[in-house]
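Participant: Pasting in a structure now, in structure tokens, and then I'll have a few things to ask.
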Amino acid sequence: IRPRVIFSGIQPTGIPHLGNYVGALRQWVQLQHHEHKDTKLIYSIVDLHAITTPQSPEKLKRWKRESLAALLAIGIDPERSILFYQSSVPAHSELMWILACTASVGYLSRMTQWKQKLDLAPNSHMEDRPAESRLKLGLFSYPVLQAADILVHRATHVPVGHDQQQHLEFARECVTNFNHAYGECLIQPKTITPPVHRVMSLSDPTSKMSKSHKLARSRILITDTPDEIRLKISSALTDSIHGISYDHVLRPGISNLLSLFSIFDAEKRSPEQLAQAYSDTHPRLFKDMVSDAVILGLQGIRTRYIELIDSETHYLDHVAADGARKALQSAEETMDMVRTAVGL
Ligand code: ADP
Ligand code: NA
């Protein structure tokens, strides 16, 4: 039997926050330990996806480097996993084009995320052009590039959250369309559903922690200083109910803090156990203890991140080049078959 190939990607849109870490990146690290040694792990910093919305070139360049350093800092091992910038492997774009030629416009326009973008497209300059004219083709065809990312490496499994299910379904549709037109060549990827834990915003605990929230104190970045973490947690929105208890509906703020506490608790207690242990604690003191746990939990990541980003050596460039070389090789094996199948 063929070994498993797992692919996942992250956009270089700044230092990951705790939601990204808990909801996605932490699993990337764990797969390195839990998967069989023959399983190929492929992780991409998807810079071509990042430019589907306007980016300053300087910022994108910095964010790519910061993302690479952050992934290494959380424990991605470039000897175990292929870690690379998407744009350094042109086969991603080449396969995207080939897939686009058998992809249905109707299917793409029915995708939820596109429909949301259509509804939300800001009418910033009092433009009266309809959203369809303001939105860009790259954003519309984003799922085709995502499909290419997965299929070009012959991924058998893709860890995806709920918000991405539809995109994986589309990738499978691309395989069906391509294989129907040119013969069995591409592989149907399966979903690995990661244990979903949503980290909620500190300032609005009924919505998820997100980089798009305007308040910076609504999220904790994995490289925040101890002071920043303490300040953000101490100003987190909670309630005036006495004591500490775990109830997502009645007490979303306190429950979110209990979840964060649990994730980083040295004694590995569940949120419920923590709620019991600290039931009579004053909220201010409780926030201090949550801060201590999060600070301690992120300390190693922060130290390694600073070392990597400040390093005078070309270690990051070396990792990127090495990853690109391995990813190119993985992609070319597929592209040889694809080009032959299509007659290119
Ligand atoms: P953001 O919402 O900050 O824009 P992305 O949409 O870029 O984050 O998500 C990147 C990855 O992180 C996805 O796999 C997503 O499911 C996960 N993720 C993002 N925010 C959270 C959160 N608050 N809790 C859990 N997982 C999250
Ligand atoms: Na998002």
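The values are calculated or read from the model by the stated rules, or taken from the named source; none is laboratory data. All values derive from a computational prediction rather than experimental measurement. Positions of Cβ are backbone-derived with ideal geometry, glycine not excepted, and every protein chain shown enters the neighbour counts.
Participant: For segment 220-272, what are the residues that are closer than 19 Å to residue 301 by Cβ and among the β-branched types (Val, Ile, Thr)?
Facilitator: Of all residues in segment 220-272, those closer than 19 Å to residue 301 by Cβ come to 220-233, 259-266, 268.
Once the filter is applied, which keeps residues that are closer than 19 Å to residue 301 by Cβ and among the β-branched types (Val, Ile, Thr), segment 220-272 yields 220, 222, 223, 225, 229, 233, 263.
Participant: If you don't mind, there's one more thing I want to ask. Suppose we keep only residues that are farther than 13 Å from residue 71 by Cα and not in a loop (DSSP other than H, G, I, E, B) within segment 1-17. Which one would you say is farthest from ligand 1 (Cβ to nearest atom)?
Facilitator: 5
Participant: Inside segment 168-223, can you point out the residues that are over 24 Å from residue 97 (Cα atoms), of a type in the set (A, V, I, L, M) and touching a residue at least 12 places away in the same chain (Cβ under 8 Å)?
Facilitator: If the condition is that a residue be over 24 Å from residue 97 (Cα atoms), of a type in the set (A, V, I, L, M) and touching a residue at least 12 places away in the same chain (Cβ under 8 Å), then 192, 196, 199, 200, 202, 209, 215, 220, 221, 222 are the ones that fit.
Participant: Follow-up. Filter segment 26-55 for residues that are under 23 Å from residue 87 (Cα atoms) and touching a Pro at 6+ places or on another chain (Cβ under 6 Å); which is nearest to ligand 1 (Cβ to nearest atom)?
Facilitator: 50
Participant: Do you know which residues across segment 203-218 are within 12 Å of ligand 2 (Cβ to nearest atom) and in a loop (DSSP other than H, G, I, E, B)? Outline the logic, then answer.
Facilitator: Let us first name the residues in segment 203-218 that are within 12 Å of ligand 2 (Cβ to nearest atom), namely 207-213.
Within segment 203-218, 207, 209, 210, 211, 212, 213 meet the criteria.
Participant: For segment 6-25, name all the residues that are more than 14 Å from ligand 2 (Cβ to nearest atom) and in contact with a Pro (Cβ under 9 Å, 6 or more places away or on another chain). Explain how you work it out, then say what you get.
Facilitator: Taking segment 6-25 first, the residues more than 14 Å from ligand 2 (Cβ to nearest atom) are 6-8, 15, 18, 21-22, 25.
Listed by number, the residues that qualify are 6, 7, 8, 25.
Condition check ((1) touching a Cys at 6+ places or on another chain (Cβ under 8 Å); (2) under 30 Å from residue 173 (Cβ atoms); (3) surrounded by fewer than 17 Cβ atoms within 10 Å (Cβ to Cβ)) across all residues:
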residue: 189; (1), (2), (3): no, yes, no
residue: 196; (1), (2), (3): no, yes, yes
residue: 203; (1), (2), (3): no, no, no
residue: 213; (1), (2), (3): no, no, no
residue: 256; (1), (2), (3): no, no, no
residue: 271; (1), (2), (3): no, no, no
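Participant: Any residue in segment 65-75 that is over 20 Å from residue 311 (Cα atoms) and crowded, with 20+ Cβ neighbours inside 10 Å?
Facilitator: As a first pass, look at segment 65-75 and keep what is over 20 Å from residue 311 (Cα atoms): none.
Among the residues of segment 65-75, not one is over 20 Å from residue 311 (Cα atoms) and crowded, with 20+ Cβ neighbours inside 10 Å, which makes the answer no.
Participant: Condition test on residue 320, is it within 30 Å of residue 82 (Cβ to Cβ) and either in contact with a Pro (Cβ under 6 Å, 6 or more places away or on another chain) or surrounded by 14 or more Cβ atoms within 10 Å (Cβ to Cβ) (or both)?
Facilitator: When the stated conditions are applied, residue 320 passes them.
Participant: Pick from segment 211-224 the residues that are hydroxyl-bearing (Ser, Thr, Tyr) and at pLDDT 95 or above: which of them is farthest from ligand 1 (Cβ to nearest atom)?
Facilitator: Filtering segment 211-224 down to residues hydroxyl-bearing (Ser, Thr, Tyr) leaves 212, 218, 223.
Cutting the leftovers down to at pLDDT 95 or above gives us 218, 223.
Working: 218: 10, 223: 15 Å.
Filtering first and then ranking leaves 223.
Participant: Could we say that residue 227 is more than 11 Å from ligand 1 (Cβ to nearest atom), at pLDDT 95 or above and either in a loop (DSSP other than H, G, I, E, B) or surrounded by 13 or more Cβ atoms within 10 Å (Cβ to Cβ) (or both) here?
Facilitator: No: the conditions fail for residue 227.
Participant: Please go through segment 146-162 and give me each residue that is assigned to a helix (DSSP H, G or I) and buried (at least 22 other Cβ atoms within 10 Å of the Cβ), ordered by number.
Facilitator: Passing the criteria: 146, 147, 148, 149, 150, 151.
Participant: Right, something else. State all residues of segment 230-254 that are part of a helix (DSSP H, G or I) and either within 15 Å of ligand 1 (Cβ to nearest atom) or crowded, with 21+ Cβ neighbours inside 10 Å (or both); if no residue qualifies, say none.
Facilitator: 232, 233, 252, 253, 254 - these are the residues of segment 230-254 that are part of a helix (DSSP H, G or I) and either within 15 Å of ligand 1 (Cβ to nearest atom) or crowded, with 21+ Cβ neighbours inside 10 Å (or both).
Participant: Identify the residue in segment 273-296 that is touching a residue at least 60 places away in the same chain (Cβ under 8 Å) and not small (Gly, Ala, Ser) and, among all such residues, is surrounded by the most Cβ atoms within 10 Å (Cβ to Cβ).
Facilitator: The qualifying residue surrounded by the most Cβ atoms within 10 Å (Cβ to Cβ) is 294.
Participant: Right, next: Can you confirm whether residue 113 is in a helix (DSSP H, G or I), within 16 Å of ligand 2 (Cβ to nearest atom) and either modelled with pLDDT under 95 or exposed (fewer than 15 other Cβ atoms within 10 Å of the Cβ) (or both)?
Facilitator: yes
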